[in-house]
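Chemist: First, the structure itself, so that you have it in front of you.
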Amino acid sequence: MALSPRQLALKAAELAASKKAEDIVLLDLRRVTNFADYFVLCTATSDVQLRAVSDAVVDGLEMLQHEVWHSEGYDTRSWILLDYVHIVVHVFLPETRAYYALEKLWGDAPSEAFAG
């Protein structure tokens, strides 16, 4: 099933929420950069949950024929990045999310809290 970038971002957010990810935010990057349309940001409260959230996104999107193009962070387990070309999913531990502050770094991008 071919999903638009927005639909893909919302589905990734839904999958993250299914594993109790917190503070899920979509950043619409279309007007501020050309390397991706959306960031999906979320927080996991432990390294075990970080892995579970990331795996749920990868497995769920794979079932919809959307393969992850690149991933990193599975080794360090404080920030896992899942790149789907049009969207990039960031799963953080709380202190890592606060440190990198992507919402502030990309402050020109419209943001939307995911309510589920």
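Chemist: Specify the residue that is surrounded by the most Cβ atoms within 10 Å (Cβ to Cβ); the eligible residues are those in the stretch 68-77 that are within 13 Å of V89 (Cβ to Cβ) and of a type outside the set (S, T, Y).
Modeler: Result: G73.
Chemist: Let me ask something else about it. I'd like to check something: does the stretch 72-86 contain any residue that is in contact with a strand residue (DSSP E or B) (Cβ under 9 Å, 6 or more places away or on another chain), of a type in the set (S, T, N, Q), under 15 Å from A17 (Cβ atoms) and at pLDDT 95 or above?
Modeler: No, every residue in the stretch 72-86 fails to be in contact with a strand residue (DSSP E or B) (Cβ under 9 Å, 6 or more places away or on another chain), of a type in the set (S, T, N, Q), under 15 Å from A17 (Cβ atoms) and at pLDDT 95 or above.
Chemist: For the stretch 27-50, which residues satisfy the criterion of being within 12 Å of V91 (Cα to Cα) and either buried (at least 17 other Cβ atoms within 10 Å of the Cβ) or in contact with a Phe, Trp or Tyr (Cβ under 6 Å, 6 or more places away or on another chain) (or both)?
Modeler: F39, V40, L41, C42, T43, A44, Q49, L50
Chemist: A further question follows. Name the residues in the stretch 67-77 that are assigned to a loop (DSSP other than H, G, I, E, B) and either among the polar types (S, T, N, Q) or touching a residue at least 40 places away in the same chain (Cβ under 8 Å) (or both), would you? Walk me through it before giving the result.
Modeler: Of the stretch 67-77, the ones assigned to a loop (DSSP other than H, G, I, E, B) are 67-69, 73-77.
Hit for the stretch 67-77 is T76, nothing else.
Chemist: Look through A13, A2 and report the one residue that is out of contact with any Asp or Glu (no Cβ under 9 Å at 6 or more places or on another chain), closer than 16 Å to I87 by Cα and modelled with pLDDT under 95.
Modeler: On the way: A13 fails: modelled with pLDDT under 95.
Among A13, A2, only A2 is out of contact with any Asp or Glu (no Cβ under 9 Å at 6 or more places or on another chain), closer than 16 Å to I87 by Cα and modelled with pLDDT under 95.
Chemist: Could I ask something else about it? Any idea which residue in the stretch 9-34 is farthest from L102 (Cα to Cα), counting only those that are in a strand (DSSP E or B) and acidic (D, E)? Please lay out each step first, then the result.
Modeler: Here is the first cut: in the stretch 9-34, the ones in a strand (DSSP E or B) are 22-28.
This time we only want the ones that are acidic (D, E), so: 22-23, 28.
Values: E22: 15, D23: 13, D28: 12 Å.
Out of the qualifying residues, it is E22.
Chemist: With respect to I80, is the statement that it is touching a residue at least 40 places away in the same chain (Cβ under 8 Å), surrounded by 21 or more Cβ atoms within 10 Å (Cβ to Cβ) and either touching a Gly at 6+ places or on another chain (Cβ under 6 Å) or not basic (K, R) (or both) true?
Modeler: Criteria not met by I80.
Chemist: Then there is this: Pick from the stretch 83-116 the residues that are touching an Asp or Glu at 6+ places or on another chain (Cβ under 6 Å) and more than 23 Å from V58 (Cβ to Cβ): which of them is surrounded by the most Cβ atoms within 10 Å (Cβ to Cβ)? Lay out the reasoning, then the answer.
Modeler: Applying the first criterion (touching an Asp or Glu at 6+ places or on another chain (Cβ under 6 Å)) to the stretch 83-116 yields 86, 109-110.
If we keep only those that are more than 23 Å from V58 (Cβ to Cβ) too, we end up with 109-110.
Values: A109: 18, P110: 12.
Only one residue fits best here, namely A109.
The values are calculated or read from the model by the stated rules, or taken from the named source; none is laboratory data. Remember, predicted model here, so these are calculated numbers, not experimental data. Every residue, glycine among them, receives a Cβ derived from its backbone with ideal geometry; neighbour counts consider all protein chains shown.
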